[in-house]
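The values are calculated or read from the model by the stated rules, or taken from the named source; none is laboratory data. Here the structure is a predicted model, which means the values were calculated and not measured. With ideal geometry, Cβ positions are generated from the backbone for all residues, glycine too; neighbour counts draw on all protein chains shown. Just so you know, the surface numbers come from the protein's heavy atoms only, side chains and all, with ligands and any DNA or RNA stripped out. Shrake-Rupley method; radii C 1.70, N 1.55, O 1.52, S 1.80 Å.
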Amino acid sequence: MNGRDKPKVIDVPAAEQNAAPGGVETASPGPGWRQLLQTGSGDALRTYGILGALVVLVIAASVLYPGFLDSGNLRNILSQNAALGIAAVGVTFVIIGAGFDLSVPAVVGIGAVVSAKLSDGSVVMVLLTVIMAGLVCGLINGLIVTRLRVNPFIATLGTSSIFTGATLLYASGTSISISDPTFIKIGQQDWFGLRISVWIMLFIFLIAGIVLWKTTFGRAVYAIGGNSEAARLAGVRVDLVRTTTYALSGVTSALAGFVIASTLLVGQLDVGQSGYALQAIAAVVIGGCSLFGGMGAIWRTAAGLTLLAVLTNLFNALAIQSAWQSIVQGAILIVTVGIDVATRSGRGRS
């Protein structure tokens, strides 16, 4: 959906980079793979490599697990990852803006508990309340980062603890069951062959892609992530835009909790604690969004999310231990970040 990749970089031919004064070519200063990542071919590999990896994984999954391409299995993959996809959209905005949000699981828990607590009322009112709760959480994060100049890691780690404690008090420390039939439909009823929660995820992906690709706000997020001081000198209201990215992350995280509550029929405080923040961040980073900011796209997040979802589905079908799943996912994340670092360091020297 979003074709924006990164600021244009003037490539220097490899021969010139390796040439000593006087035009005498010298030995390579580093490993070949690092040089590759610092060229235009490396940029293309980094941008579209996720699609190639996804195709290879799908082919492998089709061979190793004959039922992988079954329509029921594909629908299950989408349904099981709808909430994670919704949360990952907000994280994408934060990371492209060179921020970080570790409060995602806590806000997911808030969305789930608030949804369950109010589920006897109108679904629309429940949805609006959840959105407002997520918005407030996101604004708190954004204001702490931009006004108090607290490092995003520390700020969102601290607010995560605060949000968790507040939700614990609100829920009186217990899980809340949901019985309202209208509310249950959102997580468990199909609409045109897909769960309503999947349609919600696809709609949010579409809107987020348009915002990043076509709007002034989207361009400002990229500009701030690329160079916040240059963006400020160019007239971009850096603090406002950055705070808005955290607000979006809060809203999508709370919506993810809303979807989870309607699927599991219970509002649990710890529903988002099982690695949710890391999974959402992993989907964004594996898709090719840079942790340094300024690079990324919604379609990349969708690709990263799909890759992780297919991998998990394949591992479950083959009855591979969850420990190995974690090891493989962690290795993929480290390799992806390593490629990002190598690419950035090459640009810094050129």
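Quick grid of which residues meet (1) more than 30 Å from S79 (Cβ to Cβ); (2) in contact with a Pro (Cβ under 7 Å, 6 or more places away or on another chain); (3) touching a residue at least 60 places away in the same chain (Cβ under 8 Å):
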position: G193; (1), (2), (3): no, no, yes
position: I204; (1), (2), (3): no, no, yes
position: V211; (1), (2), (3): no, no, no
position: T243; (1), (2), (3): yes, no, yes
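How about the range 86-114: which of its residues are assigned to a helix (DSSP H, G or I) and small (G, A, S)? A87, A88, G90, A106, G109, G111, A112 - these are the residues of the range 86-114 that are assigned to a helix (DSSP H, G or I) and small (G, A, S). Identify, please: which residue in the range 313-344 is assigned to a helix (DSSP H, G or I) and in contact (Cβ under 8 Å) with a residue 60 or more places away in the chain and is, among those, farthest from G90 (Cα to Cα)? Within the range 313-344, the match that is farthest from G90 (Cα to Cα) is A317.
Taking the conditions exactly as written (touching a residue at least 12 places away in the same chain (Cβ under 8 Å), closer than 21 Å to A283 by Cα and in contact with a Ser or Thr (Cβ under 9 Å, 6 or more places away or on another chain)), does D101 satisfy them or not?
Spelling it out, D101 is indeed touching a residue at least 12 places away in the same chain (Cβ under 8 Å), closer than 21 Å to A283 by Cα and in contact with a Ser or Thr (Cβ under 9 Å, 6 or more places away or on another chain).
The set of residues from the range 244-267 being surrounded by fewer than 23 Cβ atoms within 10 Å (Cβ to Cβ) and either among the aromatic types (F, W, Y) or touching a Ser or Thr at 6+ places or on another chain (Cβ under 8 Å) (or both) comprises T263, L265, V266.
A residue that is buried (at least 19 other Cβ atoms within 10 Å of the Cβ), closer than 20 Å to L202 by Cβ and modelled with pLDDT under 95 can be found somewhere in the range 105-122. Taken over the range 287-317, the residue count meeting the criterion of being open to solvent by 10 Å² or more (accessible area, probe 1.4 Å) and at pLDDT below 90 is 2. Within the option set A88, A82, A98, being among the aliphatic types (A, V, I, L, M) and in contact with a Gly (Cβ under 7 Å, 6 or more places away or on another chain) holds for one residue only, A98.
Evaluate the following for G187: is it modelled with pLDDT of 90 or more and either farther than 13 Å from G111 by Cα or in contact with a Ser or Thr (Cβ under 9 Å, 6 or more places away or on another chain) (or both)? So G187 fails the test.
Considering the range 55-85, the residues that are in a loop (DSSP other than H, G, I, E, B) and surrounded by 14 or more Cβ atoms within 10 Å (Cβ to Cβ) include one that is nearest to the chain's Cα centre (by Cα), namely N81.
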